[in-house]
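K.L.:
Got a structure here, written out as structure tokens. Questions coming.
The values are calculated or read from the model by the stated rules, or taken from the named source; none is laboratory data. Note that the structure is predicted; figures quoted are calculated from it, not measured. For neighbour counting, all protein chains shown are included, and Cβ atoms are generated from backbone atoms with ideal geometry for every residue, glycine included. Ligands, DNA and RNA are excluded from the accessible area calculation, which covers all protein heavy atoms including side chains. Shrake-Rupley method; radii C 1.70, N 1.55, O 1.52, S 1.80 Å.
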Amino acid sequence: IERWCRANRCAPRVRVFGGVVIFWGCVLKHLGWLSLRRLEDRMASIGGDRKRACRDGSAFCQARQRLAVRVYQQAVGHLGQWAFKRKAEFFRGLRLLLVDGTTSVLPNTSTLKAVFGCAKNQHGTSMLPSLRWVLLVCQGSGAVLDVAFGPYAVSELRLFLLLVRRAPSNVLVMGDALFCSYAHMALLQQRGSHLLCARHSTRKDALRERLGRGDELHVWSRPKATRVRVPAHMLETLPEDLTVRVIHCQLAEKGYRTKRVHLCTTLLDPEQFPAAALVALYAKRWNIEGDLRHLKHTHGLDRLTAKRPGTVVRELLSGVLAFNAVRALGVASGSQPRTLSHTRVLDL
């Protein structure tokens with residue numbers, strides 16, 4: 001942590017709250033749901049400061065702002081990579097990752113409204129600003145490898161584009177129908193990775209070859225720059241045509257309605273990657289919904305309390321860092337982290 005602070009030229013003055021103590025406080029705040037005043041009392045008592053004057057939470061907020069956002073991102077990535085290397089789940093030699101996006105509600109201030117914007121729907125505009133963020137999660141360990149954030153008006157596809165450019169190679173990313181994008185599939189394929197997602201409802205069939213019953217190869221054409229959420233200069237580097245495998249099947253489970261599933265992927269070999277195995281694998285994508293529930297409700301990221309744009313980002317990354325700390329403890333236990341109760345590990 002001290003090395004990251006020196007590298008980003010944001011090493012805080014060591015009075016009461018140094019760089020390591022600030023990180024410890026940020027994680028503790030989202031682990032124990034402590035108020036800033038109680039957090040300062042606990043940190044000061046451990047540090048030997050028994051004075052009770054001027055401990056209203058402002059000192060910790062000021063110390064937290066002195067650390068660069070890049071330091072928080074490095075901490076999240078460091079802990080996520082640590083868990084990813086020890087508990088990665090494989091499918092035919094490919095490491096499995098999950099992607100999804102969500103939003104967080106922010107305090108009602110004019111500054112946050114101007115920076116992040118408000119949600120809009122058929123009923124009108126929300127009174128509270130919102131922060132949009134997309135995260136990349138390891139399927140095996142459940143830890144967050146990377147997170148991208150932006151104003152509410154920025155689409156999840158544009159944020160996912162940032163994650164694609166920073167994603168490791170030789171991985172299989174699984175997402176919902178929103179991420180069924182030509183550009184993102186082609187970019188991942190250029191990096192030696194692949195994408196498995198549900199087919200978007202607006203996607204039209206372009207059949208080229210039938211591999212079997214409900215298993216087809218389609219040819220997608222490169223979209224125009226005005227119709228996608230990808231920069232034009234990046235779109236020009238992609239091929240004009242992309243071969244995509246489309247799998248049609250029905251999921252019949254006792255006690256549930258039969259569901260029709262259409263999956264799209266860049267894994268084209270039907271012998272190495274059977275259609276039935278891909279359909280069964282896609283069912284694991286639902287794990288990220290549970291991860292988002294813990295991030296937002298267990299670690300308090302559904303409604304952020306910071307009132308400055310920079311502090312909002314730091315609070316978001318602090319909550320993700322606390323989530324990764326719990327996942328890392330599950331990995332260190334030697335058990336399968338997905339089989340452990342997140343709240344039980346949090347209590348331990």
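K.L.:
Is it true that some residue in segment 103-126 is under 22 Å from Ala283 (Cα atoms) and within 17 Å of the chain's Cα centre (by Cα)?
P.N.:
Within segment 103-126, none of the residues are under 22 Å from Ala283 (Cα atoms) and within 17 Å of the chain's Cα centre (by Cα).
K.L.:
Now, a different point. Just checking, which of Arg257, Arg338, Arg303 is open to solvent by 30 Å² or more (accessible area, probe 1.4 Å), free of Cβ contacts under 8 Å to residues at least 60 places away in the same chain and not hydrophobic (A, V, I, L, M, F, W, C)?
P.N.:
Of the residues listed, the single one that is open to solvent by 30 Å² or more (accessible area, probe 1.4 Å), free of Cβ contacts under 8 Å to residues at least 60 places away in the same chain and not hydrophobic (A, V, I, L, M, F, W, C) is Arg257.
K.L.:
Could you check segment 183-201 and list, in sequence order, the residues that are under 15 Å from His218 (Cα atoms) and surrounded by fewer than 21 Cβ atoms within 10 Å (Cβ to Cβ)?
P.N.:
Listed by number, the residues that qualify are Ala198, Arg199, His200.
K.L.:
If you don't mind, another one. From the residues in segment 306-321 that are farther than 20 Å from Trp24 by Cβ and either in contact with a Lys or Arg (Cβ under 6 Å, 6 or more places away or on another chain) or not small (Gly, Ala, Ser) (or both), which one is surrounded by the fewest Cβ atoms within 10 Å (Cβ to Cβ)?
P.N.:
If we take residues in segment 306-321 being farther than 20 Å from Trp24 by Cβ and either in contact with a Lys or Arg (Cβ under 6 Å, 6 or more places away or on another chain) or not small (Gly, Ala, Ser) (or both), then Lys307 is surrounded by the fewest Cβ atoms within 10 Å (Cβ to Cβ).
K.L.:
Please determine, by comparing only the residues of segment 228-271 that are at pLDDT below 90 and of a type in the set (Val, Ile, Thr), which one is farthest from His184 (Cα to Cα).
P.N.:
Filtering first and then ranking leaves Thr258.
K.L.:
Of everything in segment 201-252, what is out of contact with any Leu (no Cβ under 6 Å at 6 or more places or on another chain), of a type in the set (A, V, I, L, M, F, W, C) and assigned to a strand (DSSP E or B)? Give them in sequence order.
P.N.:
Those that are out of contact with any Leu (no Cβ under 6 Å at 6 or more places or on another chain), of a type in the set (A, V, I, L, M, F, W, C) and assigned to a strand (DSSP E or B): Leu207, Leu211, Leu217, Val219, Leu242, Val244, Val246, Cys249, Leu251.
Condition check ((1) in a strand (DSSP E or B); (2) open to solvent by 70 Å² or more (accessible area, probe 1.4 Å); (3) closer than 23 Å to Leu301 by Cα; (4) at pLDDT 90 or above) across all residues:
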| site | (1), (2), (3), (4) |
| --- | --- |
| Ala59 | no, no, yes, no |
| Gln73 | no, no, yes, yes |
| Gly80 | no, no, yes, yes |
| Asp100 | yes, no, yes, yes |
| Thr125 | yes, yes, yes, no |
| Arg132 | yes, no, yes, yes |
| Leu135 | yes, no, yes, yes |
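K.L.:
Right, something else. Given the structure, is Arg285 of a type outside the set (A, V, I, L, M), in contact with a Pro (Cβ under 9 Å, 6 or more places away or on another chain) and modelled with pLDDT of 90 or more?
P.N.:
Taking the combined requirement at face value, the residue does not satisfy it.
K.L.:
Take Arg285 and tell me if it is within 22 Å of Gly140 (Cα to Cα), of a type in the set (Lys, Arg) and open to solvent by less than 60 Å² (accessible area, probe 1.4 Å).
P.N.:
So Arg285 fits the description; yes.
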